[in-house]
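Heads up: the structure comes next, in structure tokens.
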Amino acid sequence: MSINTHPALPEFEYYRPATLVEASEFLASHSAEARPFLGGTDVFVRMRDGFMTPKFLVDVKNLDGTNDLRFDPQAGLTIGAAVNMNRVAASPEVQAHYPLLAEACQSVASYQLRTRATIVGNLCNASPAGDTLGACLLFDGVLQVHGVNGLRQEPLSTFFLGPGKTTLKPGDFVTAIHFPIPPKGCQGTYLKLGRNKLSDLSIVGVTALGYPDLKLPSGYRFRLALASVAPVPLVVAEVETCLGKQAVTPETLREAARLAGEACAPIDDVRGSARYRKQMAKNLSAKALNEVWEKIKRVGLKAG
Ligand SMILES: Cc1cc2nc3c(=O)[nH]c(=O)nc-3n(C[C@H](O)[C@H](O)[C@H](O)COP(=O)(O)OP(=O)(O)OC[C@H]3O[C@@H](n4cnc5c(N)ncnc54)[C@H](O)[C@@H]3O)c2cc1C
């Protein structure tokens, strides 16, 4: 067997539409052979490795609004599709109101890669290992999608259909992601288990968020999302129910983490076995939920 140690990119044509409408029309009329791209950190690697061979790459980085990062104290945060992860992580508004998003971005590969990689590319790549998917889901992200019939909104909660599969149709591309204002007192953490500290996809990723919520018997709502343990990123509803209906204690936090471990359906792959992943999903969920609970208590003490 011969191994090609210098794989090269296959030939392709670069197309740069001038408007959103032009981009959707081109993508729709060449649906089998054209792909949108942003930073290209997934696209070019997959093309080089022979997993995709689009005839046209459609550069959607310079279109209307795709480079904007806007925060409005009433409406929330909108991140244009072309905004790279370093810019998101460095934004004072993101750091002040959505620090979990900054933390998730900073867990991706290296600083150099993050000057190209975008959150929207991470989402549209739809890898269940994507590091920013959990934070985007827990902050109730809504995608702004442009298609042949114009702009529409799509909640992220129903966007992922399987590895590499989303609800996007021919002609569709994402122009931005919007997040509402997070609940008051919201605390979060992202724990990523990789084979090394830098530049590796997660074996397991756990995103946890919690905040006071007087509508629930416990007085607190916890949300938890798991990466790399199912065909799609997993928001574990059982965790929210478990910690919402009864007092938050070391025992109930442990029970919620056990439910998270039970909810996942991982596979064996080069980065880890299914058994190891399931166990680590439980252990890291326990750690993440405890960290969030400690942060909530600290802030509560300061406020009270
Ligand atoms: C060395 C290396 C290390 C990496 N490490 C990590 C890591 O630690 N964690 C992690 O999560 N990822 C990692 N990745 C993967 C990658 O960097 C991320 O998924 C990144 O966020 C992709 O963003 P991008 O802008 O480069 O996307 P692109 O490569 O441009 O696009 C990604 C996918 O989305 C589609 N797409 C792009 N733009 C749009 C749009 N506007 N609308 C609809 N579909 C669109 C493309 O067709 C493609 O399928 C790594 C990649 C490399 C090369």
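Worth pointing out:
- Failed criterion for Pro231 (all others in (1) under 19 Å from the mean Cα position of the chain (by Cα); (2) open to solvent by 10 Å² or more (accessible area, probe 1.4 Å); (3) assigned by TED's automatic domain parsing to the domain that holds Pro17 hold): (3)
- Evaluation of Val270 against (1) surrounded by 13 or more Cβ atoms within 10 Å (Cβ to Cβ); (2) out of contact with any helix residue (DSSP H, G or I) (no Cβ under 8 Å at 6 or more places or on another chain) (one fails), failing number: (1)
- With respect to the stated conditions, Leu123 fails to be among the aliphatic types (A, V, I, L, M), away from the ligand (no atom under 14 Å from the Cβ) and either open to solvent by less than 30 Å² (accessible area, probe 1.4 Å) or more than 25 Å from Ser228 (Cα to Cα) (or both).
- One residue from Ala90, Ala176 being open to solvent by 10 Å² or more (accessible area, probe 1.4 Å), more than 8 Å from the ligand (Cβ to nearest atom) and under 16 Å from Asp68 (Cβ atoms): Ala90
- For first residues located in the range 180-191 and part of a loop (DSSP other than H, G, I, E, B), partners that are crowded, with 21+ Cβ neighbours inside 10 Å and lie 6+ apart or on another chain with Cβ distances below 8 Å form the pairs Pro180/Phe139; Pro182/Tyr98; Pro182/Phe139; Cys186/Leu209; Cys186/Gly210.
- Residue check for Cys105: within 10 Å of the ligand (Cβ to nearest atom), open to solvent by less than 10 Å² (accessible area, probe 1.4 Å) and in contact with a helix residue (DSSP H, G or I) (Cβ under 8 Å, 6 or more places away or on another chain): yes
- Restricted to strands (runs of 3 or more DSSP E) entirely inside the range 91-164, no element has at least 3 residues that are in contact with a Pro (Cβ under 6 Å, 6 or more places away or on another chain).
- When the range 70-80 is filtered for residues that are farther than 30 Å from Pro266 by Cβ and either assigned to a loop (DSSP other than H, G, I, E, B) or within 16 Å of the ligand (Cβ to nearest atom) (or both), the ones remaining, listed by number, are Pro73, Gln74, Ala75, Thr78, Gly80.
- Residue count for the range 212-236 under the criterion of being outside any loop (DSSP other than H, G, I, E, B) and closer than 21 Å to Leu191 by Cβ: the result is 10.
- Of all the criteria given as (1) surrounded by 14 or more Cβ atoms within 10 Å (Cβ to Cβ); (2) within 19 Å of Glu294 (Cβ to Cβ), the one not satisfied by Ala225 is (2).
- Beta carbons closer than 6 Å, at least 6 apart along the sequence or on distinct chains, never pair a first residue in the range 35-49 that is closer than 20 Å to Ser110 by Cα with a second that is acidic (Asp, Glu).
- Residues satisfying the stated conditions in the range 123-149, i.e. of a type outside the set (D, E, K, R), in contact (Cβ under 8 Å) with a residue 60 or more places away in the chain and closer than 12 Å to Met85 by Cβ: Gly130, Ala135
- Taking residues in the range 53-68 that are polar (S, T, N, Q), and partners anywhere that are within 12 Å of the ligand (Cβ to nearest atom), the pairs with Cβ atoms closer than 6 Å and at least 6 places apart or on different chains are Thr66/Gly80; Thr66/Ala81; Thr66/Ala82; Thr66/Thr175; Asn67/Gly80; Asn67/Ala82.
- Every test in (1) assigned to a loop (DSSP other than H, G, I, E, B); (2) crowded, with 19+ Cβ neighbours inside 10 Å; (3) hydrophobic (A, V, I, L, M, F, W, C) is passed by Val239 save one, and that test is (1).
- Total residues in the range 147-169, condition within 14 Å of Ala225 (Cβ to Cβ) and of a type in the set (Ser, Thr, Tyr): 1
Each row is one residue, and each column tells you yes or no for (1) of a type outside the set (Phe, Trp, Tyr); (2) open to solvent by 90 Å² or more (accessible area, probe 1.4 Å).
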residue: His30; (1), (2): yes, no
residue: Phe37; (1), (2): no, no
residue: Phe44; (1), (2): no, no
residue: Lys55; (1), (2): yes, yes
residue: Asn62; (1), (2): yes, no
residue: Asn86; (1), (2): yes, no
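The values are calculated or read from the model by the stated rules, or taken from the named source; none is laboratory data. Everything numeric here is computed off the predicted structure, so don't read it as measured data. Here Cβ is always computed from backbone atoms with ideal geometry, including for glycine, and neighbour counts include all displayed protein chains. Accessible surface is based on the protein model in full, side chains and every heavy atom, while ligands, DNA and RNA are left aside. Shrake-Rupley method; radii C 1.70, N 1.55, O 1.52, S 1.80 Å.
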